[in-house]
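What follows draws every value from the coordinates through simple rules; no lab data is involved. It should be emphasised that the depicted structure is a prediction, and the values quoted were computed from it without experimental measurement. Because the Cβ atoms are built from the backbone with ideal geometry, glycine has one as well, and the counts that use them run over all protein chains shown.
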Amino acid sequence: MTDAKKTVTFTDNQTGKTWEYPVLSGSVGPDVVDIRKFYADTGMFTYDPGYTSTGSCSSAITYIDGDAGVLLHRGYHISDLATKCKFPEVAYLLLRGELPNETELKDFEKTLTYHTMVHEQLHKFYDGFRRDAHPMAIMCGAVGALSAFYHDSLDIHDPTQRMIAQHRLVAKMPTIAAWAFKYSQGQPFMYPRNNLTYAENFLHMMFSTPCEDYVVSPVLARAMDRILILHADHEQNASTSTVRLAGSSGANPFACIAAGIASLWGPAHGGANEAVLKMLNEIGTPDRVDEFVNKAKDKNDPFRLMGFGHRVYKNYDPRAKIMAETCKEVLAELGIENDPLLEIALRLEKYALEDDYFIEKKLYPNVDFYSGIIFKAMGIPVSMFTCLFALARTVGWISQWKEMIEDPDQKIGRPRQLFTGSDHRDFVPMDKR
Ligand code: CMC
């Protein structure tokens, strides 16, 4: 942050009092007004539900320019990372700040590989869930439970323990997610294999059985790797802010990531890829697309087209562009040409891109619109879609958590409120209510 040369003045129209606040500039992006002393000076809070104008922290990890459709991780463009790197390289970049050289990458991949197994006792933990439990519910529980198993990486003040927790979380998440799936299918858990890449290993644990190995297609493994990269981090979104807020109290990293998973689950956030598939199924046939588009446009109908729109991207989602290409590759590899849901999806995409309502409101297909179609083609059940998002986002969450813990300005997160309830009521005894 640069020293403030610019300031902003607030004036109270009633008293005529004024207060001046410094304007801070980041390396790129909008300036921010530093209002840390605002309450102490004025006795007022600022009001910003949904934090649409509030910077909650300073960060050097991810930069988004929503109007220009730009997404950068540590300065690198997402399209370069998604097309030229593999997921562990991007994970290293997010965690450590630099792209790894060959030796660093080899060491990092080895570290991840040797942390993929989970404590054997965790098997029994899965048994406590109903077989029809949503895998996101299992993931919330299992990830939170890691703090009960790995006592040697809970001390957030010890940099080595912090690093071990980061490695454990990134490495174990595919195992935890794949086991949530296996549990729902009533199939035995598959152990990770050290000769497979991160993405291959996940597909192996999902689809192999003790009776038969799943032969991982290089096209599908690459697509999975790319999906992981495209979801790896996304600045201060709801789940990341949840991780930071949970961590700001000093909670251990496993508990914080469990909180992030819970936040991600909602259909306005990570749950959207699942909601897209449900919506496509509900539409059912291409000739009903118009009807659903009209529903989305109807002010009196709360229905929204899932997979369209974004809080930040108001032009296009740069991840969606790469995802759309990956979608084509996967469908070609699997020989899927006449899938009815795909036909509905393509018709919807075309319609929305050409319709005045969507153009005016800048509603474009987002990353989740295409990821759901890819997952379905790969044979991943709809209930697992958000788990995949959580698996990919874990590295972003934990990088942001680490950055927060190491930030000297970090404080416990404690928003204020505009109170609208009763200010005082005389107590009414039970016999008078
Ligand atoms: N379908 C129809 N209308 C929409 C949609 C949609 N998907 N999204 C926004 N609008 C309309 C909305 O009704 C509002 O209209 P008006 O101005 O007349 O009231 C206007 O567009 C602005 O909407 P908003 O809710 O103020 O916008 P937001 O920036 O707060 O919401 C969003 C962003 C992602 C929550 C929203 O676009 C949405 O609900 N999309 C569907 C869910 C979805 O696909 N989510 C995944 C986001 S990408 C993955 C991730 O990063 O988590």
Fill in: Karplus (6.51, -1.76, 1.60) ³J(HN,Hα), θ = phi - 60°, over the range 233-242, in Hz, Gly and Pro reported as x
7, 8, 6, 8, 6, 4, 6, 5, 5, 5
Worksheet entry | Unsatisfied cross-links (Cα-Cα over 21 Å) in the set 106/376; 278/350; 86/172 | 106/376
Discussion item. Longer than 22 Å from Cα to Cα, which of 84/314; 299/361; 295/361; 297/361 are they? Say none if no pair is.
Written reply: 84/314
Worksheet item: Comparing 289, 28, 330, which has the greatest mean-square fluctuation in the GNM of the chain with Cα pairs linked when under 10 Å apart?
Response: 28
Practice prompt. Report ³J(HN,Hα) in whole Hz for each residue of the range 368-379, in order, from the Karplus equation J = 6.51 cos²θ - 1.76 cosθ + 1.60 where θ = phi - 60°; Gly and Pro get x.
Written response: 6, 4, 8, 4, x, 5, 5, 4, 4, 4, 6, x
Worksheet item: Most exposed first by the Cβ proxy, i.e. fewest other Cβ within 10 Å, how do 198, 63 rank?
Response: 63, 198
Worksheet item: Can you work out the FRET efficiency for the pair residue 211 and residue 249, with r the C-beta to C-beta distance and R0 = 41 Å, to the nearest 0.05?
Response: 0.30
Worksheet entry | Test item: Cα-centred dipole of the chain, Lys/Arg +1 and Asp/Glu -1 on Cβ, debye | 780 debye
Worksheet, complete the sentence: Least to most buried among 202, 125, by other C-beta atoms within 10 Å and fewest first, runs 125, 202
Item to complete: Give me the number: length gained by fully extending residue 409 to residue 339, i.e. 0.36 nm times residue separation minus the C-alpha to C-alpha distance, one decimal in nm.
Response: 20.0 nm
Response to the item:
If amide H atoms are modeled at 1.01 Å from N in the peptide plane, then the residues at a separation of 5 or more from residue 70, or on another chain, having amide H under 5 Å from its own are 65
Worksheet item: Residue by residue through the range 277-290, which ³J(HN,Hα) values in whole Hz follow from phi under the Karplus form 6.51 cos²θ - 1.76 cosθ + 1.60 (θ = phi - 60°), with glycine and proline marked x?
Response: 5, 4, 5, 4, 5, 5, 4, x, 9, x, 5, 9, 4, 4
Worksheet item: Taking neighbour Cβ counts within 10 Å as the exposure measure, how do 95, 346, 391 sort from fewest upward?
Response: 346, 95, 391
Item to complete: Rounded to the nearest 0.05, what FRET efficiency do residue 303 and residue 68 give with R0 = 25 Å and r taken as the Cβ-Cβ distance? Could you check?
Response: 0.25
Worksheet item: Picking from 44, 243, 264, whose Cα lies most toward the positive end of the charge dipole for the chain (charges on Cβ: Lys, Arg +1; Asp, Glu -1)?
Response: 44
Worksheet item: Under 24 Å from the Cα of residue 17, which lysines turn up, not counting those fewer than eight places away in the same chain?
Response: 5, 6, 37
